[in-house]
């Protein structure tokens, strides 16, 4: 397992280099440049020339690429072309909200999806089974933004239980420690802040989590049905073990492996794929930052955001592979 972990860690910088290089080239090959964006602001030719020199866009492409790699190796991400704010500052502000949203949505999708899949595969009731399968199909079919809008209409507009958007109520002040509001509220014992943060987090996390739960439920159901037909499960039942113990200890432990893979892949996609949900709920996360960067042709912001998402994606899959070794004894024996 140690050799496997070392080999994966060796590949990590190679993957990030490939992602960084492709992002660099893609931004400069597609139509539109940062100069086109600033030129729309009625700047003079001298000002545009000054911007080109400041951003290094007057240099050959190969020189820009080598400068980009050199800065990246030194951890220098540059400043935003549109706001002149250091990209590191933008990431520090935007990463925590997205991570909170992604983790919360992952917890919801895991609990709801696996619960629905287990119930559907083990129940004798056709009504329950059909209901769980319909839920899975809806999760696979319905887009995030539609669920988000429906949740806002029901819980914010009609019932008035939840706020429409944002991360906190206007004028809310709190002591920043980690930039993760929920974690900071727990560390400082500010339960009023925690209540406000959870109320704002609930609807966007539910919108993303319910959609992902459909995938999890469908995969859990099919994996459980396959495992429940195996000989060792029939043997466990023949020994007189309680059905709950057979399902959880014997069947679920083996059926959970493909679910781990799915959740690892989904976590990476949640970081960059929940753009529409963040827009609907005015959530100040990485999705909105990446969208604004693409719209404004802000090279440093887009490059940093994509590299970060790729890093989390690779890291999530590495953690899934390690969990495989913990769950499956056959891999540890090999």
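Points to keep in mind about this one:
- Taking the range 162-254 as the region of interest, the helices (runs of 4 or more DSSP H) fully inside it that hold 1 or more residues being under 27 Å from residue 141 (Cα atoms) and under 25 Å from the mean Cα position of the chain (by Cα) are 191-228.
- Lone qualifier among 288, 297 - being outside any helix (DSSP H, G or I) and buried (at least 17 other Cβ atoms within 10 Å of the Cβ): 297
- Any chance residue 187 is exposed (fewer than 14 other Cβ atoms within 10 Å of the Cβ) and at negative phi: yes
All of the numbers you see were taken from the coordinates with simple rules; none came from a lab. Worth saying up front: this structure is predicted, and the values here are computed from it rather than measured. Cβ: placed from backbone, ideal geometry, glycine included. Neighbour counts: every protein chain shown.
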